[in-house]
Amino acid sequence: MGSRIAIIGTGYVGLTTGACFAHLGHDVVCADLDPGRIERLSQGHLPIYEPGLQDIVEAGIASGRLRFVVGAAEAAKDCEFAYLCVQTPQGDDGSADLTYLQAAAADIAKVLPAHAVVVNKSTVPVGSTKVVERVLGRHDVSVVSNPEFLREGSAVSDFLKPDRVVIGSDDPSAATRVASLYSDTSAHLLVTDPASAETIKYAANAFLATKISFVNAVAAVCEAVGADVNDVVLGIGYDKRIGHEFLRPGPGWGGSCFPKDTRAMVKIAENAGYDFNLLKGVVVVNDEQRERMVTKVRNAVGGNLAGAVVAAWGLTFKANTDDLRESPAIAIIDVLQSLGAIVKAYDPQVSQHPSINVGSDPYEVCDGADTLLVLTEWDEFRWLDLDEVKRRLRQPNIVDTRNLLDRSAALRSGFSYQGVGR
Ligand code: NAD
Ligand code: UGA
């Protein structure tokens with residue numbers, strides 16, 4: 001029989017977690033603060049784009065196993081498990097801001113049934129399990145860390161088929177109960193103390209960001225020495241100790257998590273007396289990568305960005321999401337615009353933006369542009385007609401920050417083409 005689960009926060013993580021737990025047979029109540037959002041969710045209208053999520057939300061609602069309510073207390077009052085899935089943004093000094101987490105814990109403190117388990121799924125620094133325990137002020141409930149490793153764009157399959165489930169707890173019985181929720185996922189299970197679970201989450205994101213900054217730095221070397229980074233990655237990746245994953249060069253990593261989590265890990269280390277120079281370097285390389293992309297555009301348009309017209313394909317921080325948070329595409333366009341460039345953008349999931357002119361057709365934004373600039377690796381861009389793009393551009397230039405397009409085809413069509421690291 002399924003368990004009664006409350007999910008606090010219906011963002012990317014909360015909504016995915018709630019819908020997937022309902023899919024696994026649990027009885028789930030999801031809470032958020034905004035009545036409009038809850039009303040729409042109750043009718044099956046999703047506030048975010050995430051492949052596969054619509055279907056399992058609809059199925060959950062139809063089965064009666066997935067409900068949406070306003071306010072954390074309303075969701076938590078009958079639960080066995082309360083999952084905290086609220087945002088933990090970057091605070092002023094780089095560390096994670098726990099205001100939302102503490103507020104959510106305070107919301108449910110009085111109504112939690114005895115023996116409930118409160119689960120921190122938000123990404124939170126070492127010691128946050130204790131913080132939540134203090135806010136709850138309850139001796140008859142347990143607090144457990146259960147970090148989430150899903151990626152946007154593949155959140156549902158990542159949740160249902162995780163590489164591992166990590167549970168951090170000093171209470172073996174609470175850990176076993178949380179583990180049982182995942183029994184149908186056949187994932188590796190790792191039970192640790194809370195500090196280790198919290199550190200695993202930051203270390204995982206920091207390592208992934210390190211891989212990307214590493215390959216972006218190698219890409220810079222490749223450009224300088226005349227090597228091709230795609231071949232270099234292929235060559236090193238066959239070594240099983242290295243692998244091919246997460247070594248795609250690009251415009252720098254972004255999104256709602258790597259930027260804040262790398263900085264938070266630097267801060268966690270600093271507070272504990274360790275100077276995490278390696279990770280600081282990873283962040284610096286990422287900032288430089290964006291500047292390098294701007295330089296490529298400047299070179300493509302003949303050295304002066306003032307008045308240059310740029311057709312930008314892609315605004316989201318990666319493909320298959322509508323998430324614009326900390327998107328490298330937006331950061332690069334901001335710089336281009338501040339230097340006088342006129343940018344017209346297209347993205348399959350974005351129809352408007354407060355500071356960017358967004359068109360509704362990928363070809364139309366190319367009209368009269370001095371270069372095409374590919375910023376997000378949407379698959380559909382691969383299949384667009386380069387001859388049509390060339391007819392519309394003022395100059396046949398391509399800057400492909402994702403190495404997405406077929407370089408040989410672009411050169412054959414008469415484009416000047418700049419990728420990354422080749
Ligand atoms: P989000 O901003 O998309 O969603 C958070 C939601 O929580 C919002 O809808 C907000 O209104 C709601 N909320 C805040 N306080 C509340 C309260 N007191 N009661 C009810 N609802 C409340 O955030 P997200 O992207 O889902 O991330 C959540 C956490 O998970 C963060 O700590 C993040 O680092 C972590 N994480 C995110 C991802 C990801 O891919 N987005 C992956 C793994 C982990
Ligand atoms: C990332 C992690 O992959 C998840 O495991 C983690 O749960 C999540 O952060 C989180 O804590 O929020 P996500 O941010 O959704 O997931 O997306 P990723 O696929 O990791 O991409 C992050 C950024 O790195 C994107 O800007 C992407 O374009 C870039 N990237 C990724 C590269 O430039 N090259 C790569 O090879 C991979």
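The table that follows gives values for the structure above.
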{"item": "Hits in region 147-161 (condition: within 11 Å of ligand 1 (Cβ to nearest atom) and on the phi < 0 side of the Ramachandran plot)", "result": "PRO147, GLU148, PHE149, LEU150, ARG151, GLU152, SER154, ALA155, ASP158, PHE159"}
{"item": "When residues of region 74-111 are limited to those that are modelled with pLDDT of 95 or more and in a strand (DSSP E or B), the one surrounded by the fewest Cβ atoms within 10 Å (Cβ to Cβ)", "result": "PHE81"}
{"item": "Set THR316, THR262: member being in a loop (DSSP other than H, G, I, E, B) and either among the basic types (Lys, Arg) or farther than 15 Å from VAL215 by Cα (or both)", "result": "THR316"}
{"item": "Any chance ASP239 is away from ligand 1 (no atom under 16 Å from the Cβ), in a helix (DSSP H, G or I) and out of contact with any Pro (no Cβ under 8 Å at 6 or more places or on another chain)", "result": "no"}
{"item": "Per-region count, region 358-409, residues under 24 Å from the mean Cα position of the chain (by Cα) and either open to solvent by 30 Å² or more (accessible area, probe 1.4 Å) or on the phi > 0 side of the Ramachandran plot (or both)", "result": "6"}
{"item": "Answer residue from region 244-294, given it is away from ligand 1 (no atom under 16 Å from the Cβ) and of a type in the set (Gly, Ala, Ser) and is most open to solvent (accessible area, probe 1.4 Å) among those", "result": "ALA272"}
{"item": "Subset of region 153-187 [part of a loop (DSSP other than H, G, I, E, B), under 18 Å from the mean Cα position of the chain (by Cα) and in contact (Cβ under 8 Å) with a residue 40 or more places away in the chain]", "result": "GLY153, SER154"}
{"item": "Yes/no for ASP275 being modelled with pLDDT of 95 or more, farther than 22 Å from ALA219 by Cα, within 13 Å of ligand 2 (Cβ to nearest atom) and among the charged types (D, E, K, R)", "result": "no"}
{"item": "In region 30-76, the residues that are in contact (Cβ under 8 Å) with a residue 60 or more places away in the chain and within 14 Å of ligand 1 (Cβ to nearest atom)", "result": "ILE48, TYR49, GLU50, PRO51, LEU53, ALA72, ALA75, ALA76"}
{"item": "Scan of region 213-232 for residues that are open to solvent by 20 Å² or more (accessible area, probe 1.4 Å) and part of a helix (DSSP H, G or I), ordered by number", "result": "PHE214, ALA217, VAL218, ALA220, VAL221, GLU223, ALA224, VAL225, ASN230, ASP231, VAL232"}
{"item": "Count of residues meeting criterion [in a helix (DSSP H, G or I) and open to solvent by 40 Å² or more (accessible area, probe 1.4 Å)] in region 1-48", "result": "7"}
{"item": "Selected residue [open to solvent by 20 Å² or more (accessible area, probe 1.4 Å) and in a strand (DSSP E or B)] from LEU150, LEU190", "result": "LEU190"}
{"item": "Qualifying residue in region 333-341 (condition: away from ligand 1 (no atom under 16 Å from the Cβ) and under 20 Å from GLY153 (Cβ atoms))", "result": "no"}
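Every residue, every condition in (1) more than 16 Å from ARG402 (Cβ to Cβ); (2) of a type in the set (S, T, N, Q); (3) away from ligand 2 (no atom under 16 Å from the Cβ), yes or no:
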site: VAL221; (1), (2), (3): yes, no, yes
site: VAL225; (1), (2), (3): yes, no, yes
site: ASN230; (1), (2), (3): no, yes, no
site: VAL233; (1), (2), (3): no, no, no
site: THR262; (1), (2), (3): yes, yes, no
site: MET265; (1), (2), (3): yes, no, no
site: GLU270; (1), (2), (3): yes, no, yes
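The values are calculated or read from the model by the stated rules, or taken from the named source; none is laboratory data. Here the structure is a predicted model, which is why all the values come from computation and not from measurement. Reconstructed Cβ throughout: ideal geometry from the backbone, glycine too, with neighbour counts over all protein chains shown. Heavy atoms of the whole protein, side chains included, go into the accessibility calculation; ligands, DNA and RNA do not. Shrake-Rupley method; radii C 1.70, N 1.55, O 1.52, S 1.80 Å.
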